[in-house]
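Asks: The structure follows.
The values are calculated or read from the model by the stated rules, or taken from the named source; none is laboratory data. The model shown is predicted, which means the values in this text are computed figures rather than measured ones. Backbone-built Cβ (ideal geometry, glycine too); neighbour counts: all protein chains shown. Note: accessible area is taken over every heavy atom of the protein model, side chains too, but ligands, DNA and RNA are not part of it. Shrake-Rupley method; radii C 1.70, N 1.55, O 1.52, S 1.80 Å.
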Amino acid sequence: MAGKQQTDDRWRRYWNKTSASYDKQMRFYDRLLADSRPWVCAQATGHTLEVAIGTGLNMPFYPAEVELTGTDLSPGMLGIAQTRARQLGRAVDLREADAQALPFPDACFDTVVCTFSLCAIPDERRAVSEMTRVLRPGGVLLLADHIAGATWPVRAIQRMIDVVAVPLQGEHYLRRPLRQVQAEGLQVERRERFKLGIIERLAARKPING
Ligand SMILES: C[S@@+](CC[C@H](N)C(=O)[O-])C[C@H]1O[C@@H](n2cnc3c(N)ncnc32)[C@H](O)[C@@H]1O
């Protein structure tokens with residue numbers, strides 16, 4: 001437990017430090033992600049949880065009627081998200097929370113969203129399991145992230161990047177969130193992969209009788 005606390009503290013400090021420059025960095029990366037933010041957010045309905053919401057770059061793309069709750073490990077990121085919500089005139093319930101232990105009861109959200117963060121959460125299996133737990137039966141999980149590429153030469157390059165990126169940034173390039181989504185028993189309804197298979201976005205539904 002002490003080890004997990006130290007890991008959380010380390011990545012909280014990292015993301016707090018990164019928060020001020022995050023939006024500027026993402027202006028470049030968002031071009032690679034194409035229309036993934038609107039693709040994800042347009043499918044959100046009802047009471048929606050965005051896990052690891054960061055600075056709230058998805059906020060402008062949610063339909064007005066969505067009731068949004070956002071969590072993140074980093075108070076620095078959440079502070080910027082709060083300012084963005086105010087500027088957009090959107091009510092958002094923002095909370096500091098670890099994606100691997102969400103502070104919500106079972107089955108309380110209609111939609112759970114997580115974009116470009118499963119690559120950065122230490123135990124992504126636990127995080128997907130928590131997202132599934134808080135989703136109501138019939139609710140939808142919406143994910144977008146960079147994942148292990150479609151061909152071995154791409155994955156070989158990603159493996160080399162991982163050697164540096166995992167210890168320095170906590171960023172993993174060879175993850176496959178689809179496997180966790182399927183292991184949780186969710187039904188994948190839409191899935192798209194592009195940019196050499198590196199970018200994946202999917203919508204998966206929690207079975208009513210799961
Ligand atoms: C690359 S940013 C993505 C932010 C945002 N989702 C987006 O699409 O721009 C990764 C985010 O994950 C958050 N994060 C990392 N580990 C986390 C954890 N264990 N629990 C909650 N948030 C975490 C970081 O604080 C950061 O805001």
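Asks: Please find, within the stretch 25-36, the residue that is surrounded by the most Cβ atoms within 10 Å (Cβ to Cβ) out of those that are more than 12 Å from the ligand (Cβ to nearest atom) and either under 25 Å from residue 167 (Cβ atoms) or of a type in the set (Gly, Ala, Ser) (or both).
Replies: Residues of the stretch 25-36 more than 12 Å from the ligand (Cβ to nearest atom): 28, 31-32, 34-35.
When the remaining residues are screened for being either under 25 Å from residue 167 (Cβ atoms) or of a type in the set (Gly, Ala, Ser) (or both), the result is 28, 32, 34.
Details: 28: 8, 32: 12, 34: 15.
By that ranking, first place goes to 34.
Asks: Report yes if residue 86 is part of a strand (DSSP E or B) and open to solvent by 60 Å² or more (accessible area, probe 1.4 Å), otherwise no. So that I can check it myself, show each step before the final result.
Replies: On the way: part of a strand (DSSP E or B): no; open to solvent by 60 Å² or more (accessible area, probe 1.4 Å): yes.
No; evaluated as a whole, the condition is false for this residue.
Asks: Can you tell me which of 122, 105 is open to solvent by 30 Å² or more (accessible area, probe 1.4 Å) and in contact (Cβ under 8 Å) with a residue 60 or more places away in the chain?
Replies: After ruling out the rest, the residue left standing is 122.
Asks: Mind checking which residues of the stretch 139-189 are among the polar types (S, T, N, Q), open to solvent by 30 Å² or more (accessible area, probe 1.4 Å) and within 16 Å of the ligand (Cβ to nearest atom)?
Replies: Matches in the stretch 139-189: 169 only.
Asks: So which residues in the stretch 24-78 are under 18 Å from residue 97 (Cα atoms) and of a type in the set (D, E, K, R), if there are any at all?
Replies: Within the stretch 24-78, 50, 72 meet the criteria.
Asks: Only residues that are more than 13 Å from the ligand (Cβ to nearest atom), open to solvent by less than 30 Å² (accessible area, probe 1.4 Å) and of a type in the set (S, T, N, Q): list them for the stretch 37-68, please.
Replies: 48
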